[in-house]
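The values are calculated or read from the model by the stated rules, or taken from the named source; none is laboratory data. Note that the coordinates shown come from a computational prediction; the quantities given were computed from them, not determined experimentally. Note: ideal-geometry Cβ built from the backbone for every residue, glycine included; neighbour counts use all protein chains shown. Ligands, DNA and RNA are excluded from the accessible area calculation, which covers all protein heavy atoms including side chains. Shrake-Rupley method; radii C 1.70, N 1.55, O 1.52, S 1.80 Å.
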Amino acid sequence: MDTVDADAPVTPILGLDAATTARVLATAGRAPSLHNAQPWRFRTGADHVELRADPARRLPVADPTDRELRIGCGAALYSLRLALAGAGIRPLVSRLPDPSDPQLLAVVRRGAAMPPTPEQRRLLEAVPRRHTNRRPFSDVPVPAPARTALTRAAYEEGAWLQLVTDPDDLAVLGRLAREAHARQSADPAFVAEMAAWTGRHGGHDDGVPASAGGPLPAPNHPWVTRDFGGPAHPRPAPAAFESAPLIAVLTSHLDGPRDDLRAGEAMARVLLTATVEGLSASPVSQLVEIPDVRERVRRSLARDRPPQVVLRLGHGVPVPATPRRPAADLVDPG
């Protein structure tokens with residue numbers, strides 16, 4: 001397994017050597033998270049790895065219940081599982097094993113030796129190529145085989161990916177996205193929190209760099225995007241975004257910490273599947289960050305399942321990677 005460079009060896013885990021352990025943890029650390037806060041820590045032992053939430057990396061204004069924090073940690077858990085599979089290990093996962101320790105989200109142990117499947121190899125190779133793309137996509141439709149692969153990826157991780165194609169449903173979601181964006185943009189605490197994590201210029205191994213922002217859509221465009229450039233990096237002039245993006249809503253069966261974690265695992269697999277299929281993706285997080293808007297999204301889609309993640313998918317040009325913490329910095333000494 002040689003898909004993600006590791007900075008330095010760390011203490012070996014699960015029978016792996018130190019260099020492979022570092023690559024496994026670095027792969028897990030490339031998972032997506034809100035504002036690239038990377039809110040996870042790994043506590044390692046000879047026979048197990050604990051995935052723990054990092055409270056120092058919370059975003060209490062945008063994510064007061066830590067739902068998106070757990071989704072990000074779920075994405076790291078899937079990436080850890082995938083990296084271990086690439087190293088020939090079948091991971092055995094216990095999710096939320098200790099109710100008295102809410103920061104302990106999962107414990108991973110070593111199962112039987114098992115070579116990775118061809119699909120796992122493709123997904124693992126996609127890890128360093130998966131980047132959030134906030135730039136315009138082309139109007140080339142996402143083909144049916146790719147749509148099937150995306151929905152299957154979510155289903156096999158215990159979630160459901162609804163591809164929203166009805167024009168009326170898309171119009172409702174677009175209006176809700178604009179409303180949520182306006183409400184958050186008018187909240188000084190939200191604006192300050194986002195500014196603390198975005199628009200960065202070098203010297204950071206987390207957060208969203210100014211270079212990751214894209215141009216503004218036209219004022220009347222139904223799908224607003226956040227400004228990650230900051231005042232020192234003004235966004236380019238409005239550009240022609242795709243007229244009909246593929247909007248996908250990832251839902252879970254229930255609401256709760258375990259469902260958040262599983263939704264994150266499904267999100268990670270969907271995003272890597274999109275990368276394998278040559279697609280780009282960006283979140284429409286406004287739709288799920290304000291509780292009453294999130295509930296209206298659920299009702300508008302006539303579903304009993306709560307929406308966890310909303311994605312914009314399509315064909316985009318390559319974009320640069322966001323920074324990541326070194327593998328050694330992800331390990332909690334306990």
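Tabulated values for the structure
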item	result
Residue check, LEU80 under 19 Å from TRP197 (Cα atoms) and open to solvent by less than 30 Å² (accessible area, probe 1.4 Å)	no
Members of region 214-239 that are at pLDDT 65 or above and over 19 Å from ALA180 (Cα atoms)	GLY214, PRO215
Boolean, LEU163 is under 22 Å from the mean Cα position of the chain (by Cα), hydrophobic (A, V, I, L, M, F, W, C), modelled with pLDDT of 95 or more and surrounded by fewer than 19 Cβ atoms within 10 Å (Cβ to Cβ)	yes
Options ASP168, ASP139: the member that is of a type outside the set (A, V, I, L, M, F, W, C), in a helix (DSSP H, G or I), more than 27 Å from VAL24 (Cα to Cα) and open to solvent by 60 Å² or more (accessible area, probe 1.4 Å)	ASP168
Extreme residue, farthest from ARG58 (Cα to Cα), among residues of region 94-129 that are under 20 Å from the mean Cα position of the chain (by Cα), in contact (Cβ under 8 Å) with a residue 40 or more places away in the chain and open to solvent by 90 Å² or more (accessible area, probe 1.4 Å)	ARG122
Matching residues, region 310-334, being closer than 18 Å to GLN38 by Cβ, out of contact with any helix residue (DSSP H, G or I) (no Cβ under 7 Å at 6 or more places or on another chain) and open to solvent by 40 Å² or more (accessible area, probe 1.4 Å)	ALA321, ARG324, PRO326, ALA328, ASP329, PRO333
Of residues in region 23-69 being touching a helix residue (DSSP H, G or I) at 6+ places or on another chain (Cβ under 6 Å), of a type in the set (Val, Ile, Thr) and farther than 30 Å from ALA186 by Cβ, the one surrounded by the fewest Cβ atoms within 10 Å (Cβ to Cβ)	THR27
Among residues of region 20-76, those that are more than 24 Å from LEU271 (Cα to Cα) and small (Gly, Ala, Ser), counted	3
Verdict on ASP259 being closer than 18 Å to ASP63 by Cα, free of Cβ contacts under 8 Å to residues at least 60 places away in the same chain, under 17 Å from the mean Cα position of the chain (by Cα) and part of a helix (DSSP H, G or I)	yes
Failed condition for CYS73, given (1) of a type outside the set (S, T, N, Q); (2) open to solvent by less than 10 Å² (accessible area, probe 1.4 Å); (3) free of Cβ contacts under 8 Å to residues at least 40 places away in the same chain	(3)
Only one of LEU80, LEU105 that is part of a strand (DSSP E or B) and not small (Gly, Ala, Ser)	LEU105
Selection status of LEU176, in a strand (DSSP E or B) and open to solvent by less than 40 Å² (accessible area, probe 1.4 Å)	no
The one condition in (1) open to solvent by less than 10 Å² (accessible area, probe 1.4 Å); (2) touching a residue at least 60 places away in the same chain (Cβ under 8 Å); (3) of a type outside the set (Phe, Trp, Tyr) that PRO307 fails to fulfil	(2)
Filter pass, VAL317 being modelled with pLDDT under 95 and among the β-branched types (Val, Ile, Thr)	yes
Residues that are part of a strand (DSSP E or B) and within 24 Å of SER285 (Cα to Cα), drawn from region 6-50	TRP40, ARG41
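Each row is one residue, and each column tells you yes or no for (1) charged (D, E, K, R); (2) surrounded by fewer than 23 Cβ atoms within 10 Å (Cβ to Cβ).
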residue	(1), (2)
ARG258	yes, yes
GLU265	yes, no
GLU277	yes, yes
PRO283	no, yes
ASP292	yes, yes
